[in-house]
Amino acid sequence: MKIQEVKVFVSCPGRNFVTVKVITDEGVYGLGDATLNGREMAVVAYLEEHIIPCLLGRDPQQIEDIWQYLYKGAYWRKGPVTMAAIGGIDMALWDIKGKIAGLPVYQLLGGKSRESVMVYGHANGETIKETLDNLGKLIDQGFKAVRLQCAIPGLEGTYGTLGEKKDYYELQSDRPLPPEQLWSTSKYMNFIPELFEQARQQYGYAVQLVHDVHSRLTPIEAANLGKLLEPYKLLFLEDASPADNQDGYQIIRNHTTTPLAIGEVFNTVWDAKDLIVNQAIDYLRIASTHGGGITPLKKIANFADMFNVRMAPHGAPDLSPICHAAHAHLNIWAPNFGIQEFIGFGTEKLNSVFSHPLSFDNGYIRLQDKPGLGVEYHEEEAAKYKYKRSYLPVTRLEDGTLWFW
Ligand code: CS2
Ligand code: MG
């Protein structure tokens, strides 16, 4: 069996997705997600100019060797563009292997460790009341865990809240440049414990709660927030601080027992090695797409397991249903699976482009048994929705200083 052709599609059924299709000379094909939000076309160029020519004629069943060739064989290793490109190819190769074997990918990874995948939803709001009403709605839908984000009084456009908009994409659809949002650490720190205080008063402790700081704090500030939130027993505090310097997390860890999650911007195990070995985090959020595919995610999960770190893959809507399916297979298998972020199955438009094997059942994701990843990509539908340049927002402090988003 040989790789005959690799196609790259960019479609925007609501937001941009980069989809890879690896086609073999025997007709079997595989699909992968190579979407890098706001940098989509950089990945397309990397795939078309630097990866695809090297793949033609190779045996698609040699997943490990192809992965090593694309990662180790490239002098310029790592980085989000490279790893998203490799991730898209790697997923497609696992899809092909599953189809040849007639087995779902989780069976090739080692089989089921559980029947279904626990998820957390998002409750956002412009006020505490609105956020908690949304929490109530998710609990009614069966969610056992929910992330809470609330607008900070006096700060326009806090992370996780969107006013009338449905997603970040909409925030900037009529603007050619990144939207800007405001940040004040003191306003945030003085407000956020109240959100969790009221959440626990109203809904008790049965529901698991999560909060995403989106990397806005320094380690000592994050340590302080972790302490302030301890009474509310979060499942985890996400991206409490950037981890470009992994040592920073030791400071947070030394001061609080609030569990910590990080990793949605990580691309390789090296971004997390010290965090894992020093047991400075509890949940690792690296995505299959941005971390180079299923091959490295399996190794990272096994490595993290030795240090009591559980997997909680990034599940934002800017990852395509192919990545969500890859996560479902990994999550069903991984002995150290923790929880999956889940914001719903998207719009009719999105579902006209991708059909997937996932369903939501009372707080859990179920995965239908289909060979490979179980996703279909409808090329004619996809062609209706042209790529649209998009940016994530940037953040400034109130005096204008640029800050982490
Ligand atoms: C977020 C994301 O899902 C999350 O936890 O942090 O919304 C993130 O901002 C985007 O996926 C960036 O592309
Ligand atoms: Mg996040």
(request) Have a look at 389, 366, 396 and point out the one that is open to solvent by 20 Å² or more (accessible area, probe 1.4 Å), touching a residue at least 60 places away in the same chain (Cβ under 8 Å) and farther than 23 Å from residue 39 by Cβ. (result) 366
(message) For the condition more than 18 Å from the chain's Cα centre (by Cα) and either outside any loop (DSSP other than H, G, I, E, B) or surrounded by fewer than 19 Cβ atoms within 10 Å (Cβ to Cβ) (or both), what is the one hit in 328, 382?
(response) 382
(request) Return the residue satisfying two criteria in turn: it lies in the stretch 46-86 and is in contact with a strand residue (DSSP E or B) (Cβ under 7 Å, 6 or more places away or on another chain) and surrounded by 15 or more Cβ atoms within 10 Å (Cβ to Cβ), and of such residues it is farthest from residue 291 (Cα to Cα). (result) 58
(message) Taking the criterion of being touching a residue at least 40 places away in the same chain (Cβ under 8 Å), under 23 Å from residue 119 (Cβ atoms), open to solvent by 10 Å² or more (accessible area, probe 1.4 Å) and of a type in the set (Val, Ile, Thr), would at least one residue in the stretch 253-272 satisfy it?
(response) yes
(request) Identify the single condition in (1) open to solvent by 10 Å² or more (accessible area, probe 1.4 Å); (2) within 30 Å of residue 356 (Cβ to Cβ); (3) more than 16 Å from ligand 2 (Cβ to nearest atom) that residue 304 does not satisfy, given that it satisfies every other one. (result) (1)
(request) Determine the pairs where a residue that is assigned to a loop (DSSP other than H, G, I, E, B), located within the stretch 168-195, has a partner that is modelled with pLDDT under 70 and surrounded by 16 or more Cβ atoms within 10 Å (Cβ to Cβ) with Cβ atoms under 7 Å apart, the partner being 6 or more residues away or on another chain. (result) 178/172; 179/171; 179/172
(message) Given the options 197, 170, 164, 156, name the one that is more than 21 Å from residue 218 (Cβ to Cβ), modelled with pLDDT of 95 or more and of a type in the set (Asp, Glu).
(response) 197
(request) Tally the residues that are more than 16 Å from ligand 1 (Cβ to nearest atom) and surrounded by 17 or more Cβ atoms within 10 Å (Cβ to Cβ), restricting the search to the stretch 229-239. (result) 2
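The rows are residues; the columns are (1) under 20 Å from residue 323 (Cα atoms); (2) part of a loop (DSSP other than H, G, I, E, B).
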| residue | (1), (2) |
| --- | --- |
| 60 | yes, yes |
| 65 | no, no |
| 83 | yes, no |
| 87 | yes, no |
| 90 | yes, no |
| 111 | yes, yes |
| 118 | yes, no |
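Enumerate the strands (runs of 3 or more DSSP E) found wholly within the stretch 1-56, keeping only those where 1 or more residues are without any contact (Cβ under 8 Å) to a residue 24 or more places away in the chain and under 24 Å from residue 79 (Cβ atoms).
3-11
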(message) Where the second residue is part of a loop (DSSP other than H, G, I, E, B) and the first is not assigned by TED's automatic domain parsing to the domain that holds residue 236 and lies in the stretch 111-130, which pairs have Cβ atoms under 6 Å and are six or more apart or on separate chains?
(response) none
(request) Check 242, 178, 219 and return the single one that is modelled with pLDDT of 95 or more, under 28 Å from residue 400 (Cβ atoms) and within 16 Å of ligand 1 (Cβ to nearest atom). (result) 242
(message) Please go through the stretch 280-301 and give me each residue that is hydrophobic (A, V, I, L, M, F, W, C), away from ligand 2 (no atom under 16 Å from the Cβ) and not in a helix (DSSP H, G or I), ordered by number.
(response) 280
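The values are calculated or read from the model by the stated rules, or taken from the named source; none is laboratory data. None of the values given here were measured: they were computed from a predicted structure. As a convention, Cβ positions derive from the backbone with ideal geometry for all residues, glycine included, and neighbour counts pool all protein chains shown. Heavy atoms of the whole protein, side chains included, go into the accessibility calculation; ligands, DNA and RNA do not. Shrake-Rupley method; radii C 1.70, N 1.55, O 1.52, S 1.80 Å.
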